[in-house]
Amino acid sequence: MVIRPAQNIDLEDILELAASAGTGLTTLPNNPETISNRISNSQQALSQEIKQPGSECYFFVLEDSEDNKVIGTSALVSAVGLDDAFFSYKLSTQVTASPDLGIYNPHQMLVLGNDYTGATEIATLFLAEGHRGGTNGHLLSKSRFLFLADHPERFSEKIIAEMRGYSDDNGFSPFWEALGKKFFKMDFAKADAVRGLGSNTFISELMPKHPIYVDMLPEEARAVIGRVHADTAPALSLLKKEGFTHQNYVDVFDGGPTVEVQRNAIRTIANSHIVELVAGEPTGNTLPIMISNRKLKDYRCIVAQSRLDGDQLVIPQSSIDSLGLNAGDTVRAVELFNKRRTPVSTKTQ
Ligand SMILES: NC(=[NH2+])NCCC[C@H](N)C(=O)O
């Protein structure tokens, strides 16, 4: 299993994954034009010298190198909201009180804003059913952090993840039904698909202009504010272990949580080391180690069983080959599982 940048030849495999992802995985639409633009944007960013984050998207795939099949996707957007406004709802508090009457009422309000403008977004995490569990989901998600660590000038200090919000098996979102639908006059799948094409202009045009009092929404909608899609729960728990926290921002369409972290606080980055590759069979107690070759266009990231306790990392020659490196080259490596926790399966984010 190898992480590498997406290429044009992956288009068909990626569309197959997109078709199986269903509604709500906004940035992986089943649309050939959007996906192929994203691949080109990514290829271009990887071959340019970039000194500060812009609207680049780095699009990665997880390839099963045995049959050259792409089984997962993930991406990094350098900075959101620079070409187009990036919207979130902030859950803020307003207190109305009348001490004379003995009435005290804290209200939650949904306030529309662009507070995450300029932040780096991790997105588009999807792993084919049948490959979930084990190390794949962790490699897909966390390889982005090793990439961030080696190319900091391309990204912001603040990293966010919009988690896919709650919707049922039929793609029905109670939050959308109660709120967005009244203003957009379309169902959730359609709104999510339009957003997936990459433009947020219709959000500025159609979203309600005033804050929304949460108390005035029906119970079914209130209940899913800040809740994730069932397939996304493992991805959220992984990000929380990396240090991401929820600061009361939610998605404007489905109420899913947006989580954030300062780049250098990300555990995978903080615990990673630059080490020299040695070809061989590791001895003693080995653990899954995530290893990045630290490159751009030729970026590769893998997991190999080894031990990370010095300046050198012993892995088989075949693993060195899949990184496109030679013995003696340096890599960035980290134990894949924080604090040796048991793996959970990761599906979508
Ligand atoms: N429906 C949502 N809350 N979508 C937000 C984005 C979900 C996911 N992070 C993605 O990249 O597509």
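The values are calculated or read from the model by the stated rules, or taken from the named source; none is laboratory data. Since the model is a prediction, treat every value here as computed from it, not as a measurement. Don't worry about glycine lacking a Cβ; one is built from the backbone with ideal geometry, like all the others, and counts go over all protein chains shown. Keep in mind that these areas ignore ligands, DNA and RNA; they rest on the heavy atoms of the full protein, side chains included. Shrake-Rupley method; radii C 1.70, N 1.55, O 1.52, S 1.80 Å.
Yes/no per residue for (1) at pLDDT below 95; (2) under 28 Å from ARG154 (Cβ atoms):
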residue	(1), (2)
GLU49	no, yes
SER55	yes, yes
VAL70	no, yes
ALA75	no, yes
ALA79	no, yes
LEU91	no, no
ALA97	no, no
LEU101	no, no
| message | So TYR89 passes all but one of these: (1) within 17 Å of ASP251 (Cα to Cα); (2) without any contact (Cβ under 8 Å) to a residue 12 or more places away in the chain. Which condition number does it fail? | response | (2)
| Scanning region 93-142 for residues that are within 16 Å of the ligand (Cβ to nearest atom) and polar (S, T, N, Q), which turns out surrounded by the fewest Cβ atoms within 10 Å (Cβ to Cβ)? | ASN114
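Looking for whichever is buried (at least 17 other Cβ atoms within 10 Å of the Cβ) and in contact with a helix residue (DSSP H, G or I) (Cβ under 6 Å, 6 or more places away or on another chain) here; the options are LEU323, LEU277, LEU313, LEU308. Which one fits?
Values: LEU323 fails: in contact with a helix residue (DSSP H, G or I) (Cβ under 6 Å, 6 or more places away or on another chain); LEU313 fails: in contact with a helix residue (DSSP H, G or I) (Cβ under 6 Å, 6 or more places away or on another chain); LEU308 fails: in contact with a helix residue (DSSP H, G or I) (Cβ under 6 Å, 6 or more places away or on another chain).
The conditions single out LEU277.
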| said: So GLY72 passes all but one of these: (1) farther than 20 Å from SER141 by Cα; (2) touching a His at 6+ places or on another chain (Cβ under 9 Å). Which condition number does it fail? | reply: (1)
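Taking ALA45, is it more than 13 Å from the ligand (Cβ to nearest atom), of a type in the set (A, V, I, L, M, F, W, C) and surrounded by fewer than 21 Cβ atoms within 10 Å (Cβ to Cβ)? Lay out the reasoning, then the answer.
Working: more than 13 Å from the ligand (Cβ to nearest atom): yes; of a type in the set (A, V, I, L, M, F, W, C): yes; surrounded by fewer than 21 Cβ atoms within 10 Å (Cβ to Cβ): no.
Criteria not met by ALA45.
Of the residues that sit in region 1-35 and are within 16 Å of the ligand (Cβ to nearest atom), among the aliphatic types (A, V, I, L, M) and part of a helix (DSSP H, G or I), which one is surrounded by the fewest Cβ atoms within 10 Å (Cβ to Cβ)? Even if it seems obvious, please write down each step before you answer.
Step one: of region 1-35, the residues within 16 Å of the ligand (Cβ to nearest atom) are 6, 14-15, 17-31, 34-35.
From what's left, among the aliphatic types (A, V, I, L, M): 6, 14-15, 17-19, 21, 25, 28, 35.
Subset that is part of a helix (DSSP H, G or I): 14-15, 17-19, 21, 35.
Details: ILE14: 24, LEU15: 17, LEU17: 24, ALA18: 22, ALA19: 11, ALA21: 21, ILE35: 24.
Among them, the one singled out is ALA19.
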| said: Given (1) touching a residue at least 60 places away in the same chain (Cβ under 8 Å); (2) closer than 22 Å to GLN94 by Cα, identify the lone condition not met by VAL261. | reply: (2)
| field | Test: residue in region 155-167 that is more than 16 Å from the ligand (Cβ to nearest atom) and open to solvent by less than 60 Å² (accessible area, probe 1.4 Å) | value | yes
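Helices (runs of 4 or more DSSP H) wholly in region 172-270 with at least 1 residues that are closer than 24 Å to ALA128 by Cβ - which ones? Spell out the reasoning first.
Details: elements: 174-178, 180-184, 188-196, 201-206, 219-223, 233-242, 267-270.
Hits in region 172-270: 188-196, 233-242, 267-270.
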| task | Tally the residues that are within 15 Å of the ligand (Cβ to nearest atom), of a type outside the set (Val, Ile, Thr) and outside any loop (DSSP other than H, G, I, E, B), restricting the search to region 50-80. | result | 8
| request: Please enumerate the residues belonging to region 216-245 that are open to solvent by 50 Å² or more (accessible area, probe 1.4 Å) and within 13 Å of the ligand (Cβ to nearest atom). | output: ARG227
